[in-house]
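Engineer: Supplied in structure tokens, the structure appears directly below.
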Amino acid sequence: MIIEKYAGLPKDGKVFPVPSNSSCNDRLKVISQQIDCLNEKKVTFHLARHTFATLFLGEGVPLESLTKMLGHKNIATIQIYTKNLNEKVGKDMQKVSHRFKSLEQFFVA
């Protein structure tokens, strides 16, 4: 349905009209200024792509699929997101590990 909506609109042979990076950043700046919680961080198109990749990896989307979604030719280009995801998992586990300390006595022989 989305592809049909934009059919014939782009003049450059692309499926969707693609605004420039600076145009996207300008629009994101306006949006982020209207949302108080985001004013602490500069919101950019690059940040949006990074967030997209991290969230989709977290949901189990394969690297091969994500590579295509982001328009990369090589899986190695997006493997940095898996590193970030692994670091986040480690930090998240540290946050809750104290809750399981009392259970250690039942599992240690």
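The values are calculated or read from the model by the stated rules, or taken from the named source; none is laboratory data. The model shown is predicted, which means the values in this text are computed figures rather than measured ones. Heads up, the Cβs are rebuilt from the backbone with ideal geometry, glycines too, and the neighbour counts pull from every protein chain shown.
Engineer: Name the residue, out of N39, N74, N86, N21, that is touching a helix residue (DSSP H, G or I) at 6+ places or on another chain (Cβ under 9 Å), loosely packed, with under 13 Cβ neighbours inside 10 Å, of a type in the set (S, T, N, Q) and modelled with pLDDT under 85.
Structural biologist: The unique qualifying residue is N39.
Engineer: Might you let me know whether region 87-95 holds any residue that is closer than 30 Å to K14 by Cα, out of contact with any Phe, Trp or Tyr (no Cβ under 8 Å at 6 or more places or on another chain), assigned to a helix (DSSP H, G or I) and of a type in the set (K, R)?
Structural biologist: We begin by selecting, within region 87-95, every residue closer than 30 Å to K14 by Cα; these are none.
Within region 87-95, not a single residue is closer than 30 Å to K14 by Cα, out of contact with any Phe, Trp or Tyr (no Cβ under 8 Å at 6 or more places or on another chain), assigned to a helix (DSSP H, G or I) and of a type in the set (K, R).
Engineer: Show the residue pairs meeting these rules: Cβ distance below 7 Å; 6+ apart or different chains; first residue within region 57-73 and in contact (Cβ under 8 Å) with a residue 24 or more places away in the chain; second residue of a type in the set (S, T, N, Q).
Structural biologist: Hits for this filter: L57/T82.
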